[in-house]
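Written below as structure tokens is the structure these notes are about.
The numbers here are math on the coordinates, done by the rules we state, and not lab data. Model, not experiment: these values are computed from the prediction. Reconstructed Cβ throughout: ideal geometry from the backbone, glycine too, with neighbour counts over all protein chains shown.
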Amino acid sequence: MNRADRDINYRRGRSGRPLERAKKRMRETETHCRRCGDEIDWTLPYKDPITGEVNVWYGTYGHLDELDAGGHPYHGRAEHLHCNSSAGATYGNAKRNATNEPLSTSPDWT
């Protein structure tokens, strides 16, 4: 483990002051989603006040590389919630399908 890895508490990759600074810097400088290229409206609330449903066009902080794949917690770009969620699902499905182990089943109860 090198010095840079020891200086960063990776268990706090989704919280903490350094991440909040990175998010603030991203909101001040970036205007478009890195995945779809559409503009992000930073004034949209997370939930629609009328319907109470989650707004999929809400702006989020998307990590450049998945944290469990060795990505740095403070390297990220602006993404829509929908784009960020679908990218995470794609990564998770690919990771799950990459394992060649058969699924475990319960014993036969007959």
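Taken about its Cα centre, region 23-103 carries a charge dipole of roughly 200 debye when the Cβ of each Lys and Arg holds +1 and the Cβ of each Asp and Glu holds -1.
Highest average first, the peptides 21-32, 69-80, 40-51 ordered by how many other beta carbon atoms sit within 10 Å of their residues are 69-80, 21-32, 40-51. In this simple spin-label model, placing a label point 7 Å from the Cα along the Cα-to-Cβ direction at both THR51 and ARG77 gives a separation of 2.8 nm. Candidate cross-link partners of LYS47 among the lysines, defined by an alpha-carbon separation under 29 Å and a same-chain spacing of 8 or more, comprise LYS23, LYS24. In this label model, ALA94 and ARG27 are separated by 3.0 nm, measuring between points 7 Å along each Cα→Cβ vector. Modelled label positions at SER86 and GLU20, each set 7 Å beyond Cα in the direction of Cβ, lie 3.2 nm from each other.
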